[in-house]
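The values are calculated or read from the model by the stated rules, or taken from the named source; none is laboratory data. Computed from a predicted model, the values in this text were never measured in an experiment. FYI the Cβ positions are ideal-geometry reconstructions off the backbone, even for glycines, and counts take in every protein chain you see.
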Amino acid sequence: METSQVLLVFFGGLVPMAAVAFALGRRKALMSDASGSRMHSLPSQYGVYVATWMALPALAIGVVAAAAALFGLQVPSAPFVLSFALFGAAVGLMLAMRKVEPTLRARNAIEKFVYWTLFSASLVSILTTFGIIISILFEALKFFSQVSVWEFVTGTNWSPVATFRPGQETADSQFGSVPLFAGTFMITLVAMSVAIPVGLLSAIYMSEYASYRVRTLAKPVLEILAGIPTVVYGFFAAITVSPLVVEVADFFGLHASYTNALAPGMVMGIMIIPFISSLSDDVINSIPNSLREGAYALGSTKSETIKQIILPAAFPGIMAASLLGISRALGETMIVVMAAGLRPNLTWNPLEDMTTVTVRIVDALTGDQAFDSPETLAAFALGLVLFVVTLTLNLVSIIIIRKFRQSYE
Amino acid sequence: MSQGITLAPSRQLKKRYRAEKRFKAYCIAALLLALAFLVVFFSDMIRQGYSAFVQTEIKVDVTYNEDTVKFTNESVTEDVSPLISRAFYRTIPRQVEANPDLMNTTQTRWLTATAHVDQYRKGYSDRLDPELKATLDRLESEGRVSYGFNSGLFFSGDSKIPSNAGLWSAFVGSFYVMIVVLVVSFPIGVATAIYLEEFAPDNRFTQGIEININNLAAVPSILFGLLGLAIFINFFGVPRSSALAGGLTLSLMTLPVIIISTRAALKAVPQNIRQGAQAVGASRWQAIRDHVLPLSLPGILTGTIIGIAQAIGETAPLLLIGMIAYIPDAPTSMTEAATVLPAQIYTWSGMPEGAYVSLTAAGILVLLTLLITLNATAVILRNRFERRW
């Protein structure tokens, strides 16, 4: 039987059975109530109780069988598993029915069941983080068993030789990651020098100067910038902004590459504006009015108040917003894949073509290389560094924001 | 000056007022710059993309007989033949099969021109064979050339022939991915939010989960692609490039969005509601199920729609799990190789032919329209049904 068929039979059987179990449990509770012995909970709660105890063993057997099959263990045939699950359901039903008595606190049992279901749902987010760590770490460790960490961290030459077959000779591959991080850093720098001033000044305008109407209009319009898919920004950077940069550079007698770092950097900066502005806006709004009024009372103008009172008070929050922005710029992929270069290039000139960590990850994993070739493994090593750096930035900024909120609440 | 106090501002005060004006001007300039970008961006996309919504069509006589079924480009006269898109010739045997009455007849039809002709007529390129130019001019003067709505852009799949390429398989792929994301991340996200907001004790473990969720919302999307590749595809054996693999990967990315907005919606329901329900004997779960959840539903749905919209626009993680395959026919199941709208846009943007530039921009316009519609729905939903306390 195919997987989809098995699933269909399994759930197609389980749902009507649960309905029957519900009816049985409810009927027994109703009869018991009618015969004069008052039940602890509502009749339908006994129904849910019985149905749950019937479904759980069957589900457990199904999950165990599926997991066993996944790990390549010997699993009995599908009909056998199905009938075994049915048997489990019958046993669960019988035991639960026997327990339906006036003293059974079905409501409390349901409450407990709901609690643990919700609790296990909340573990999924933790499992996701572990999943990311595990999936990156193992492959990265494999990479570092072939290439020394020192060479990876300090080497200035990144030239992996593509291998298409597992085990092919790769002695002349070089994995010095410095040029990749230099490129990432340069593009991030360009992005932040667009995003921080524009985002922060817009936030100041909207929270301190703008009328209510301008504010309610401008805020959602700015948010549109955050909703534009990155692939769209990438196309815009590659097709419109890059040629523009080349033309402008030409005008000044400079030479710019068509895959220069400036274009993706600027477009990325525009993308990050709303992140900076909306977070800074929140932070500035949470500064108590008494601080402003105090400054006005001493005779300072609005801009003096902002520069000397509000901004210093809001500094931790603005810092946190900028760190989140940097974290986003470091990990941004589509814009650089489409508009930045592929050549590792160690330079200070943003008009030259440069490549980034994310570009090399995509390049290594979308090609035809064998999965365990050093180049694909290198992608995971780069991913590990990216994860650690962004994690640190995110955590620092989350903690700063928490502390900041507490200090003004 | 009879009063003794000078009301005229001193030089220093004037300087301070000037600084004030300058600072305000900077702030306005920053905001205008951001808004101006939006205008430039949208007008650029429309300028590049609008022309792809129409296509050059040529009125020709198509002859169906034994020969033209085999040598399909002989079905129209020799001089016009190179002007017509290859995609039409391919369909001739199928047309005859579907409708045998066509055999040995001549039909007058409006046919899609090649991308070259189309690009030339739209003024994007001047590189057209002089002979073809002459033919085209002649046909034009006879009124046999015009623009028609490019329905293929919406209703046909990807193609290596630009005049035949469309978004249909990407629509279907995006739809499947959206279903997976909805089925996986909505229940888990809402359950997590209910746990954290209504049940969780305030201890280190709970704080850990909270910080973890906030961090996940900011983890670079490409790392979710690495997770999808290593865990879903290599470990669980989900087929590569499939809508299922893409959907599962994007579900994990959408989860924090749904959790955070659901928590905000639950928090907005005042404590009195819960206490009222519990005071008349409801258990904690009954109070949540019957009172808190219905009241916070608009907020939860708004957050879910915004999360889904984000997932639909996401590309980077999908590149790593192989969803940039060439998909001419729409997938019919979750486990078949599929592509999605942004991935299709990415694929087209890498094509060498000039015609794909306007196709890419047109695809972008379609995607943006879809996303703006979704987000507008979310906002309307919130404004209409949200209760303020």
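The table below gives the values:
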read-out: Subset of the stretch A:357-384 [surrounded by fewer than 19 Cβ atoms within 10 Å (Cβ to Cβ), of a type outside the set (D, E, K, R) and assigned to a helix (DSSP H, G or I)]; value: A:Thr366
read-out: Filtered residues of the stretch A:35-58 (kept if in contact (Cβ under 8 Å) with a residue 40 or more places away in the chain and in a helix (DSSP H, G or I)); value: A:Gln45, A:Tyr46, A:Val48, A:Tyr49, A:Val50, A:Thr52, A:Trp53, A:Met54, A:Ala55, A:Ala58
read-out: Residue match in the stretch A:301-321 (condition: touching a Ser or Thr at 6+ places or on another chain (Cβ under 8 Å) and acidic (Asp, Glu)); value: no
read-out: The stretch B:359-389, subset small (Gly, Ala, Ser) and under 26 Å from A:Met338 (Cα atoms), residue nearest to the other protein chains (Cβ to nearest Cβ); value: B:Ala361
read-out: Complete set of residues in the stretch B:73-103 that are loosely packed, with under 15 Cβ neighbours inside 10 Å, more than 24 Å from B:Ala165 (Cα to Cα) and aliphatic (A, V, I, L, M); value: B:Met103
read-out: Residues within the stretch B:15-35 that are more than 7 Å from chain A (Cβ to nearest Cβ) and within 18 Å of B:Leu368 (Cα to Cα), tallied; value: 0
read-out: Qualifying position, being under 24 Å from the mean Cα position of the chain (by Cα), within 23 Å of A:Ser257 (Cβ to Cβ) and surrounded by 20 or more Cβ atoms within 10 Å (Cβ to Cβ), among A:Ile335, A:Ile401; value: A:Ile335
read-out: Total residues in the stretch B:135-166, condition of a type in the set (Lys, Arg) and either surrounded by 19 or more Cβ atoms within 10 Å (Cβ to Cβ) or touching a strand residue (DSSP E or B) at 6+ places or on another chain (Cβ under 7 Å) (or both); value: 1
read-out: Residue match in the stretch B:258-267 (condition: facing chain A (nearest Cβ under 9 Å), within 20 Å of B:Ala218 (Cα to Cα) and out of contact with any strand residue (DSSP E or B) (no Cβ under 7 Å at 6 or more places or on another chain)); value: yes
read-out: Only one of B:Ala282, B:Ala268, B:Ala337 that is more than 30 Å from A:Pro220 (Cβ to Cβ), in contact (Cβ under 8 Å) with a residue 12 or more places away in the chain and surrounded by fewer than 21 Cβ atoms within 10 Å (Cβ to Cβ); value: B:Ala337
read-out: Boolean, A:Leu118 is out of contact with any Leu (no Cβ under 8 Å at 6 or more places or on another chain) and either farther than 30 Å from B:Leu223 by Cα or without any contact (Cβ under 8 Å) to a residue 24 or more places away in the chain (or both); value: yes
read-out: For A:Val267: the one exception among (1) at pLDDT below 95; (2) under 23 Å from the mean Cα position of the chain (by Cα); (3) closer than 19 Å to B:Leu31 by Cβ; value: (1)
read-out: Restricting the stretch B:317-358 to residues that are among the aromatic types (Phe, Trp, Tyr) and in a helix (DSSP H, G or I), the residue that is farthest from the other protein chains (Cβ to nearest Cβ); value: B:Tyr356
read-out: Test for B:Ile372: is it without any contact (Cβ under 8 Å) to a residue 24 or more places away in the chain, in the same structural domain as B:Ile233 (by TED's automatic domain parsing) and assigned to a helix (DSSP H, G or I); value: yes
read-out: Residue in the stretch B:51-72 that is within 14 Å of chain A (Cβ to nearest Cβ) and surrounded by 12 or more Cβ atoms within 10 Å (Cβ to Cβ) present; value: yes
read-out: Residue in the stretch B:285-300 that is buried (at least 19 other Cβ atoms within 10 Å of the Cβ), of a type outside the set (Gly, Ala, Ser) and without any contact (Cβ under 8 Å) to a residue 24 or more places away in the chain present; value: yes
read-out: Residues (in a loop (DSSP other than H, G, I, E, B) and without any contact (Cβ under 8 Å) to a residue 60 or more places away in the chain) located in the stretch B:99-134; value: B:Asn99, B:Met103, B:Asn104, B:Thr114, B:Gly123, B:Asp126, B:Arg127, B:Leu128, B:Asp129
read-out: Residue check for B:Phe23: within 30 Å of A:Ser303 (Cβ to Cβ), among the aromatic types (Phe, Trp, Tyr) and crowded, with 16+ Cβ neighbours inside 10 Å; value: yes
read-out: Any hit, the stretch B:36-46, residues being assigned to a helix (DSSP H, G or I), modelled with pLDDT under 90 and surrounded by 12 or more Cβ atoms within 10 Å (Cβ to Cβ); value: no
read-out: Count of the stretch A:321-365 residues which are among the hydroxyl-bearing types (Ser, Thr, Tyr) and at pLDDT below 85; value: 1
read-out: Matching residues in the stretch A:197-211 - criterion: being facing chain B (nearest Cβ under 9 Å) and without any contact (Cβ under 8 Å) to a residue 24 or more places away in the chain; value: A:Pro197, A:Leu201, A:Tyr205, A:Ala210
read-out: Single condition A:Leu123 does not satisfy, out of (1) free of Cβ contacts under 8 Å to residues at least 24 places away in the same chain; (2) surrounded by fewer than 16 Cβ atoms within 10 Å (Cβ to Cβ); (3) within 14 Å of chain B (Cβ to nearest Cβ); (4) within 30 Å of A:Gly25 (Cα to Cα); value: (4)
read-out: Filtered residues of the stretch A:65-89 (kept if loosely packed, with under 14 Cβ neighbours inside 10 Å and either over 13 Å from A:Val9 (Cα atoms) or among the aliphatic types (A, V, I, L, M) (or both)); value: A:Ala67, A:Leu70, A:Phe71, A:Gly72, A:Leu73, A:Gln74, A:Pro76, A:Ser77, A:Phe87
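Residue-wise test of (1) within 12 Å of chain B (Cβ to nearest Cβ); (2) polar (S, T, N, Q); (3) part of a helix (DSSP H, G or I).
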| site | (1), (2), (3) |
| --- | --- |
| A:Met266 | yes, no, yes |
| A:Ile272 | yes, no, yes |
| A:Val283 | no, no, yes |
| A:Ser300 | yes, yes, no |
| A:Ile309 | no, no, yes |
| A:Ile318 | no, no, yes |
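Yes or no, residue by residue, for (1) more than 12 Å from chain B (Cβ to nearest Cβ); (2) surrounded by fewer than 22 Cβ atoms within 10 Å (Cβ to Cβ); (3) of a type in the set (Gly, Ala, Ser):
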residue	(1), (2), (3)
A:Ala191	yes, no, yes
A:Arg213	yes, yes, no
A:Pro229	no, no, no
A:Tyr233	no, no, no
A:Ala237	no, no, yes
A:Phe252	yes, yes, no
